[in-house]
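One structure is given below, encoded as structure tokens.
The values are calculated or read from the model by the stated rules, or taken from the named source; none is laboratory data. Note that this is a predicted model, so its numbers are computed, not measured. Every residue, glycine among them, receives a Cβ derived from its backbone with ideal geometry; neighbour counts consider all protein chains shown.
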Amino acid sequence: MRDATSACDTARRVGDPALQVRILAALLPIIGDDKLLHELRAIVDKVLAALPPETRQVFEEVPLVHSALMGRSS
């Protein structure tokens, strides 16, 4: 658990949204924290807003991203 928390902290410090999505989504099942889920969804939403329309669907269908978006009310 300490390693998972450290990985999340490092991803946040780096500030790269793609890295954050990759790390946070992979660790979400391990940590299982609603706060982490909301943080991940917020990052995914920012990435989606910055992408051109033709690549949004591709990004949304990436398994890690898709699982983070499941259950999102929008």
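Every condition in (1) without any contact (Cβ under 8 Å) to a residue 12 or more places away in the chain; (2) under 19 Å from Phe59 (Cβ atoms) holds for Ser6 except the one numbered (2).
Comparison of Ile23, Ile31 shows that the only residue that is of a type in the set (A, V, I, L, M, F, W, C), modelled with pLDDT under 85 and surrounded by 13 or more Cβ atoms within 10 Å (Cβ to Cβ) is Ile31. Annotation: of all residues in segment 34-52 being farther than 13 Å from Ala68 by Cβ and part of a helix (DSSP H, G or I), the one that is modelled with the lowest pLDDT is Lys35.
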